[in-house]
Every structure is written in C-alpha cells, then in structure tokens.
Amino acid sequence: MTKSIVVLGTQWGDEGKGKIVDLLSKDVDAVVRFQGGHNAGHTLVTDGHKTVLHLVPSGILNEGAQCLIGNGVVVSLEALKKETEALEAHGVDVRSRLGISPACPIIMPYHELLDHAREKAKGAKAIGTTGRGIGPAYEDKVSRRGIRLSDLYNPGLLAEKLEEAMDFHNFVLDRYFGMQTLSYDRVLDDTLQLGACFSELVTDVSGELHRLRTQGKRILYEGAQGSLLDIDHGTYPFVTSSNTTIGAVCTGAGVGPDAIDYVLGITKAYTTRVGSGPFPTELFDDIGAGIARRGDEFGATTGRPRRCGWLDAVALRRAAHTNGVSGFCVTKLDVLDEVETIKVGIAYRLDDEILDVPPQNPEAWDDLQVEYESFPGWMESTRGITRFDDLPDNAKTYLAAMEALCGAPVHMVSTGPDRKEIIVIKHPAE
Ligand code: IMP
C-alpha cells in the first residue's frame with residue numbers, strides 16, 4: 001500500500017485539487033500544505049454544500065485527518081482566523097486537528113499594501129496577483145527580514161525585528177510609492193494579538209511528519225497553484241512567488257524525497273488561467289465563453305473571471321516530467337460535454353522550429369504558434385459518471401490521447417464538483 005501521496009496542480013492553478021485532496025484525505029492520517037498562502041482557493045462540495053478553503057488544508061472536512069501547515073507556507077494570521085472561525089461555525093473542529101510550523105513566514109499588513117502598490121505602479125505590465133501580499137512576504141523571507149510565527153511568542157524579539165522591517169517598508173511605501181505608512185505600534189499590537197489566537201497550534205511539522213512516518217501513517221501533501229505558476233519552472237515573471245513543483249514538498253514540509261511514494265498531477269480537461277501572462281491555447285471565441293460558463297470559471301480567491309482555452313499537452317508534458325507525475329487526475333471532463341470538436345495543443349512552433357516542450361526563455365512564449373490535433377466531442381452528458389466503462393467512446397479516446405500526449409497515465413477522472421462525482425481508474429494509495 002502506498003503511504004504518501006502528493007497532489008499537485010500541473011497547469012496555472014485552479015485545477016480542482018481541493019476536491020481531490022478532500023476525497024483522498026479519508027484514507028490518510030495527515031494532510032499537509034507546503035507552499036503558497038491564502039492566494040490559493042480550494043473549493044470543496046460535499047452533499048451540495050460548498051466550502052472554500054484558502055489556507056487550511058483541504059483534509060479538514062475529514063475528521064480522521066490531522067492537518068498541518070508546513071514552513072514553506074506564508075501565513076496570514078488574519079485570513080487563518082477568519083477561515084477557522086467560518087469552519088468552526090459549521091461545526092468543524094479545527095483547533096484539535098490543525099498544526100502550524102513555527103518557521104512559517106507571516107504575511108504582515110505592509111506586505112499586502114506593497115503587493116497592491118507594486119501592481120498599480122506596473123500599470124499594463126501588472127502580474128495580476130491575488131493582492132494577498134504573497135510576493136512581498138516571500139521576498140522578506142529570502143532577504144532574512146521576515147517575521148516567523150515563532151517570533152510572535154517572543155515579544156522582545158518581535159518588537160526588534162518588526163522595527164527593522166517596518167523602517168524599511170515604511171520608507172518604501174512613503175518615499176517610493178508616495179503612500180500612507182503604517183503605525184509600528186498598531187502593527188505590533190495586532191500581530192501579538194493574532195499570534196495569541198494560535199499559540200496552541202504551533203507544531204514542529206517536520207518532526208511530526210517524521211513521527212507519523214515512522215509509525216507507518218499515510219500522509220497527503222496538498223499543493224497550491226500549479227506548475228506553470230512555479231517561480232522557477234513557470235511562465236516567469238507571470239508566476240507566483242513560491243515553487244509549486246515537487247521539490248517544494250521536501251523544503252516546505254521538511255521531509256526527504258523518500259517521503260514521496262506517488263505524485264498525482266491534477267489537470268483540467270481544458271486549460272484556464274487567471275491573471276496576466278502567456279497562454280498559448282487561449283480561446284477568445286464562443287467556445288471559450290461556453291467553457292467558462294459551463295465550468296463556472298471564476299477565481300475562488302478573487303472572484304476574477306478565468307481565461308479559458310484548449311488543453312495544452314506541451315505544457316503538461318513539461319509538468320509531468322518536472323514533477324515526476326505518477327498519474328494524472330483529469331477534472332471537469334463534463335464541462336466539455338457540449339463541445340462538438342475538441343482541440344489539444346500538441347506542439348509549439350517558434351519561427352521554423354517545432355517544440356514539444358515549452359521554451360525556457362519567457363519572451364519566447366509571446367511568439368509561439370500552437371499546433372493542434374482535433375478530437376470529436378461526445379455530445380452527451382458525462383456528469384456524475386463514476387465508472388470508466390460508462391464514459392462515451394469519444395471521451396475514452398480523448399483521455400487515451402491525453403495519456404499518450406502528456407506522458408503519464410490517467411488514474412482519476414472528475415465528472416462534477418461533488419466529492420462523489422469521480423472515476424477512480426487506479427487509486428493513488430494502491
Ligand atoms: P500571487 O500568488 O498573488 O503573487 O499572484 C501571482 C500569480 O499567480 C497571478 O497570476 C495569480 O493570479 C496567480 N495565482 C496565485 N494563486 C493562484 C491560485 O490559487 N490559482 C490560480 N492562480 C493563482
């Protein structure tokens with residue numbers, strides 16, 4: 001029996017990871033977030049009830065699962081407080097099951113201000129960030145200026161570190177962006193108060209994972225965003241500020257590579273993207289609008305409409321090998337039910353060169369032409385189908401083509417938003 005599974009997005013995020021983590025978490029002992037922050041938005045639907053999670057691992061709705069936030073996650077305590085209160089209001093016992101690493105960098109109020117100020121200053125060149133302060137918080141971590149969760153329980157140290165950080169950031173806000181600065185006393189008080197709400201949840205996540213593993217427990221690592229938003233491997237600079245690919249599991253949770261037994265790559269049956277940046281298979285016609293409508297393609301975090309397009313097998317091929325994908329889970333297959341002819345991007349053309357994986361220099365993305373292969377649609381409902389054999393033949397052909405084109409087998413297919421609407425061809429834990 002496989003012990004530890006990683007669930008990763010293989011596109012530009014929003015692939016439907018939350019539902020899959022929620023589903024798999026009933027078979028595991030712990031669910032771990034290891035990168036990103038509350039820029040993520042994981043929508044879970046259980047018996048028609050919708051829950052959107054941003055920071056708390058998507059295993060929280062399964063009572064047997066311990067939920068851990070590893071050191072690689074940048075944590076907004078304000079967002080975490082809101083989320084835990086909302087879950088508690090629905091009867092979910094968050095506090096007895098959630099642990100947060102003391103090494104998590106804290107997203108401070110000035111990070112959010114800086115995120116907005118920078119985006120505004122960039123004008124037409126804006127990244128289209130979620131505005132949650134994610135980038136500035138990761139920058140502070142790397143510049144060794146960051147405030148960590150553990151600092152919040154040492155008021156003297158916090159006061160000192162915050163003074164240094166705010167001296168710098170208030171200078172930038174005032175002198176570079178011409179904005180109102182923040183009050184040091186206010187930020188210090190608020191941060192100490194927020195910290196106090198979570199003191200009993202502070203957990204040595206790396207140590208806890210080691211303990212669980214030596215006891216033979218099963219662990220599920222929950223990725224946020226997707227491979228094409230990875231700071232190194234994505235469509236830089238239109239990316240998020242963390243590594244969203246497989247290596248982040250080890251650095252962001254504090255485990256070795258032997259902790260990973262199976263990598264489940266989540267991809268939609270088509271492609272979406274929010275924010276700016278290249279999107280070679282993007283559709284600007286009625287087909288794209290139809291996919292957006294049927295797929296309810298609006299961001300779970302910001303409510304922004306998502307850009308929609310055909311499946312991009314070129315980018316997925318790269319994601320499959322960058323992450324060592326063991327199997328794909330194809331989500332939202334039912335959204336294509338009414339599309340007569342379905343196209344898949346199978347190669348890029350750059351000048352006279354044919355590329356079967358994306359270029360690594362970001363500028364080249366703007367000049368790419370896509371080579372497509374067309375597949376006949378199935379034109380009947382696949383909504384809620386739970387057995388592979390019950391899928392229309394054209395849908396089976398499409399999935400088989402995806403496997404062949406993207407370089408990894410399809411092990412799961414999601415046919416609707418509810419936890420139950422899923423085809424399991426091979427369970428990742430088997
Ligand atoms: P940031 O992560 O807020 O800095 O935003 C950087 C880029 O990542 C923007 O294009 C965002 O739209 C995108 N992004 C961040 N989180 C998500 C997500 O959970 N789903 C999809 N896109 C995301």
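The values are calculated or read from the model by the stated rules, or taken from the named source; none is laboratory data. In this text, all values refer to a predicted model and were calculated from it rather than measured experimentally. Cβ coordinates were reconstructed from backbone atoms using ideal geometry, including for glycine residues, and neighbour counts include every protein chain displayed. SASA here: full protein model, heavy atoms, side chains in, ligands and nucleic acids out. Shrake-Rupley method; radii C 1.70, N 1.55, O 1.52, S 1.80 Å.
Name the trypsin sites (Lys or Arg not before Pro) in the range 361-430 that are in a loop by DSSP and that have at most 14 other C-beta atoms within 10 Å, would you?
Of the trypsin sites (Lys or Arg not before Pro), the ones in loops of the range 361-430 whose Cβ has at most 14 other Cβ atoms within 10 Å are ARG383, ARG387, LYS420, LYS426.
For GLU88 and ASN394, what is the calculated FRET efficiency with R₀ set at 30 Å and r taken between the beta-carbons, to the nearest 0.05? It comes out at approximately 0.05. A 1.4 Å probe run over the chain, with the rest of the protein chains in place, finds 41 Å² accessible per residue.
If r is the Cβ-Cβ distance from ASP367 to THR251 and R0 is 41 Å, what FRET efficiency results, to the nearest 0.05?
Values: r = 34 Å, r/R0 = 0.82.
Once rounded, the FRET efficiency stands at 0.75.
Modelled spin labels at GLU163 and ARG175, positioned 7 Å past Cα toward Cβ, are 1.9 nm from each other. Amide hydrogen proximity for PHE298: with H placed 1.01 Å from N in the peptide plane, the residues at 5 or more positions away or on another chain lying under 5 Å are ARG306. Residues in the range 376-386 carry Karplus couplings, in order, of x, x, 9, 6, 8, 6, 10, 4, x, 5, 10 Hz; the curve used is 6.51 cos²θ - 1.76 cosθ + 1.60 with θ = phi - 60°, and Gly or Pro positions show x.
For the pair LEU182 and CYS197, the difference between a 0.36 nm per residue extended length and the Cα-Cα distance amounts to 3.1 nm.
Ordered from highest to lowest accessible area with the whole protein assembly present and a 1.4 Å probe, THR245, THR251 read as THR251, THR245.
For LEU311, the residues whose amide H sits under 5 Å from its own are THR271, GLY345, ignoring neighbours fewer than 5 places away on the same chain, with H placed 1.01 Å from N.
Please compute the length gained on full extension between HIS49 and GLU380, using 0.36 nm multiplied by the number of residues separating them and subtracting their Cα-Cα distance. Don't skip to the answer; put the middle values down first.
Values: separation 331, 0.36 × 331 = 119.16 nm, distance 2.62 nm.
Residue separation times 0.36 nm, minus the Cα-Cα distance, leaves 116.5 nm.
Inter-label distance, ALA404 to LYS122: 4.0 nm, where each label sits 7 Å from its Cα along the C-beta direction.
Could you please state how large a percent of the accessible area of the chain is carbon and sulfur, counting protein chains only and using a 1.4 Å probe?
Values: 8790 of 17820 Å².
Carbon and sulfur atoms account for 49 percent of the accessible area of the chain.
Residues whose amide H lies under 5 Å from that of GLY226, counting only those 5 or more places away or on a different chain, are GLY13; hydrogens are built 1.01 Å from N in the peptide plane.
Using the Karplus curve 6.51 cos²θ - 1.76 cosθ + 1.60 with θ = phi - 60°, what ³J(HN,Hα) values do you get for each residue of the range 217-230, in whole Hz, with x for Gly and Pro? Couplings: 7, 9, 10, 10, 9, 9, x, 10, 6, x, 4, 6, 9, 5 Hz.
Using the Karplus relation 6.51 cos²θ - 1.76 cosθ + 1.60 with θ = phi - 60°, the per-residue 3J(HN,Hα) values for the range 388-403 come to 4, 4, 7, 6, x, 4, 5, 5, 4, 4, 4, 5, 5, 5, 4, 4 Hz, with x marking Gly and Pro.
Within the chain, what percent of beta bridges assigned by DSSP are antiparallel, to the nearest 5?
Values: 25 of 58 bridges.
Bridges in the chain that DSSP calls antiparallel: roughly 45 percent.
Over all distinct Cα-Cα pairs of the range 109-196, the Kirkwood formula returns a hydrodynamic radius of 13.6 Å.
Residue separation times 0.36 nm, minus the C-alpha to C-alpha distance between SER150 and ASP190: what's the value? Write down the numbers at each step before the final one.
Details: separation 40, 0.36 × 40 = 14.40 nm, distance 1.56 nm.
My answer for the length gained is 12.8 nm.
Helix content alone sets the calculated 222 nm mean residue ellipticity of the chain: runs of n ≥ 4 DSSP H residues at -39500 (n - 2.57) each, divided across all residues, give -9000 deg cm²/dmol.
Peptides 26-38, 85-97, 328-340, 398-410 ordered by packing proxy, namely the average of other Cβ atoms within 10 Å per residue, highest first: 26-38, 328-340, 398-410, 85-97.
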